[in-house]
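Colleague: Dropping a structure here in structure tokens format, bear with me for questions.
The values are calculated or read from the model by the stated rules, or taken from the named source; none is laboratory data. Small disclaimer: the values here were computed from a predicted structure and weren't measured. Using ideal geometry, Cβ is built from the backbone for each residue, glycine included, and neighbour counts are taken over all protein chains shown. To get the accessible areas, we keep the full protein, side chains included, count just its heavy atoms, and leave off ligands, DNA and RNA. Shrake-Rupley method; radii C 1.70, N 1.55, O 1.52, S 1.80 Å.
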Number of protein chains: 2
Amino acid sequence: MSEPTSRRPGRPPGGQLVVDREHVLDAAERVIRRDGAGASLEAVAVEAGVTKPIVYHRVGGRADLADALAERLADRMVLATRTALAGELLSQTGLTRFVEANLQTVAEHREVFLYVTGGSTEQTALGRLSLAGRSTRPLAKTLAAWRSGIHQDPGVAEAWAFGIVGMLQMVSQWWITQDDRSATEVAEQISDLLWNGLPGR
Amino acid sequence: MSEPTSRRPGRPPGGQLVVDREHVLDAAERVIRRDGAGASLEAVAVEAGVTKPIVYHRVGGRADLADALAERLADRMVLATRTALAGELLSQTGLTRFVEANLQTVAEHREVFLYVTGGSTEQTALGRLSLAGRSTRPLAKTLAAWRSGIHQDPGVAEAWAFGIVGMLQMVSQWWITQDDRSATEVAEQISDLLWNGLPGR
DNA sequence: GCGAAAAGTTACCAGCAGTAAGTAACGGGG
DNA sequence: CCCCGTTACTTACTGCTGGTAACTTTTCGC
């Protein structure tokens with residue numbers, strides 16, 4: 001194809017840009033939802049009603065796209081969990097709601113989640129770390145504030161946050177691709193482990 | 001280049017195969033160690049002293065290669081942890097050793113780990129699940145046997161196993177790419193979380 | 001001996017990330 | 001009022017990679 005749009009070459013009339021960064025990211029999410037995690041940048045460009053170089057100008061290469069989508073996804077997760085437990089994480093039932101909200105957000109954005117965590121090539125396994133980092137930061141803060149009295153070492157909160165996020169990511173992936181249990185059930189099991197520890201209480 | 005080897009076309013003399021599957025996998029690991037996670041199948045073929053179709057015949061496509069390497073890596077991890085704790089996982093210090101052995105194995109096979117968990121494209125995020133599944137199975141068995149008295153539901157062990165493996169993978173990735181603490185330190189922190197739970201004991 | 005199967009290599013295709021070069025509208029100085 | 005540099009696009013390309021078809025040579029069963 002050489003006709004992604006019906007526009008002619010050259011700067012378009014009217015002072016406005018044709019599409020902005022947000023529109024490109026929206027288009028990318030639609031394409032990924034439709035075509036799966038293997039969606040190409042060309043397809044994204046077509047969906048956005050634009051050509052490839054525009055995509056590069058707006059969001060950068062494939063790694064940057066994954067990073068941007070990771071940021072969005074992380075924001076949604078943080079938002080979902082925040083509204084799900086309205087301020088406190090200090091109880092086991094709160095933790096369960098937290099886990100469940102995560103699972104449901106992943107399920108809702110299944111393909112995008114797989115795209116982001118799929119990492120394209122190179123050292124883009126950082127895509128996953130990127131997603132992790134963004135959802136980790138608030139969690140680490142919460143943990144640090146919460147357990148400030150118990151652990152002096154502030155690094156513990158960071159390690160725990162990454163661990164928990166990794167646990168959630170893996171469980172999500174397993175859940176949406178293999179398992180058929182309910183989100184609530186899985187959330188309760190994971191919450192049990194995370195709250196009571198391996199030996200139980 | 002069109003001269004990966006100096007061999008002529010046609011079936012080579014001598015009843016033996018030129019290389020077997022294991023040799024190809026060995027070559028793949030060498031290349032990945034040298035070139036990073038973005039190593040190409042062509043490079044693997046050259047390193048193995050063979051042409052691309054042979055690689056395809058021996059191990060299949062890129063996804064299959066990742067899967068095979070995941071299997072090897074999982075085996076190494078299981079072995080490392082097994083020798084590290086010689087039979088029991090029922091104590092917190094044993095758990096710490098388990099986590100530390102995992103971290104060290106990942107560090108030792110850093111690039112291969114990133115290749116496997118990096119997932120190429122498509123739905124090859126299953127590469128990560130594949131690694132998880134293989135290291136998960138023995139862990140799930142252990143957990144199931146261990147806590148058989150407490151939880152009737154056998155599915156709990158599976159969910160926990162995936163969760164723990166995910167936690168380990170994410171912590172490993174974070175540790176080898178960003179952090180500079182010692183493996184022991186991180187292992188103790190994660191083991192603490194996993195054994196005592198979030199609120200502590 | 002001889003033809004089918006096995007085990008290679010060469011040569012190719014399709015698709016994708018990323019970029020260089022060309023083209024049209026806008027806008028400020030002479 | 002016109003002209004030229006800048007901006008914002010498109011077209012058209014390169015380079016590489018995963019994957020495969022077609023060809024070539026040895027081995028082996030009959």
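Colleague: Which condition does B:A68 not pass, out of (1) within 16 Å of DNA strand C (Cβ to nearest atom); (2) more than 14 Å from chain A (Cβ to nearest Cβ); (3) crowded, with 17+ Cβ neighbours inside 10 Å, if it passes all the others?
Modeller: (1)
Colleague: Going by the conditions given, is A:V55 within 16 Å of DNA strand D (Cβ to nearest atom) and open to solvent by less than 70 Å² (accessible area, probe 1.4 Å)? Steps first, please.
Modeller: Values: within 16 Å of DNA strand D (Cβ to nearest atom): yes; open to solvent by less than 70 Å² (accessible area, probe 1.4 Å): yes.
Yes; evaluated as a whole, the condition is true for this residue.
Colleague: Residue by residue through the stretch A:35-48, note down the ones that are farther than 14 Å from A:V18 by Cβ and either open to solvent by 50 Å² or more (accessible area, probe 1.4 Å) or without any contact (Cβ under 8 Å) to a residue 24 or more places away in the chain (or both). Quick ask: steps written out before the conclusion?
Modeller: First, pick out the residues of the stretch A:35-48 that are farther than 14 Å from A:V18 by Cβ: A:35-44.
Answer for the stretch A:35-48, where residues must be farther than 14 Å from A:V18 by Cβ and either open to solvent by 50 Å² or more (accessible area, probe 1.4 Å) or without any contact (Cβ under 8 Å) to a residue 24 or more places away in the chain (or both): A:D35, A:G38, A:S40, A:E42, A:A43, A:V44.
Colleague: Same structure, new question: In the stretch A:35-52, what residues are hydrophobic (A, V, I, L, M, F, W, C) and within 13 Å of DNA strand D (Cβ to nearest atom)? Walk me through it before giving the result.
Modeller: Quick first cut of the stretch A:35-52, residues hydrophobic (A, V, I, L, M, F, W, C) only: A:37, A:39, A:41, A:43-46, A:48, A:50.
If the condition is that a residue be hydrophobic (A, V, I, L, M, F, W, C) and within 13 Å of DNA strand D (Cβ to nearest atom), then A:L41, A:V44, A:A45, A:V46, A:A48, A:V50 are the ones that fit.
Colleague: Moving to a separate point now. Would you check which residues across the stretch A:8-34 are under 14 Å from A:L65 (Cβ atoms) and either more than 14 Å from DNA strand D (Cβ to nearest atom) or open to solvent by 100 Å² or more (accessible area, probe 1.4 Å) (or both) and list them?
Modeller: So the first thing to find is which residues in the stretch A:8-34 are under 14 Å from A:L65 (Cβ atoms), and the list is A:21-32.
Within the stretch A:8-34, A:H23, A:L25, A:D26, A:A28, A:E29, A:R30, A:V31, A:I32 meet the criteria.
Colleague: Look at A:A86 and say whether it is within 17 Å of the chain's Cα centre (by Cα) and open to solvent by 40 Å² or more (accessible area, probe 1.4 Å).
Modeller: Values: within 17 Å of the chain's Cα centre (by Cα): no; open to solvent by 40 Å² or more (accessible area, probe 1.4 Å): yes.
Answer is no for this residue.
Colleague: Moving on to the next point. May I ask you to list pairs of residues, at least six apart or on different chains, whose Cβ atoms are under 8 Å apart, with the first in the stretch A:49-66 being closer than 8 Å to A:V24 by Cβ and the second being more than 7 Å from DNA strand C (Cβ to nearest atom) and of a type in the set (S, T, N, Q)?
Modeller: A:V50/A:T5
Colleague: Moving to a separate point now. Pick out, from the stretch A:111-201, the helices (runs of 4 or more DSSP H) lying fully within it that include 1 or more residues that are under 23 Å from A:G38 (Cα atoms) and at pLDDT below 95.
Modeller: Working: elements: A:126-146, A:155-177, A:183-196.
Per the criteria, A:126-146, A:155-177.
Colleague: Let me ask you something else. Check whether at least one residue in the stretch B:34-55 is away from DNA strand C (no atom under 16 Å from the Cβ), more than 14 Å from chain A (Cβ to nearest Cβ) and modelled with pLDDT of 95 or more, and report yes or no.
Modeller: Yes, some residue in the stretch B:34-55 is away from DNA strand C (no atom under 16 Å from the Cβ), more than 14 Å from chain A (Cβ to nearest Cβ) and modelled with pLDDT of 95 or more.
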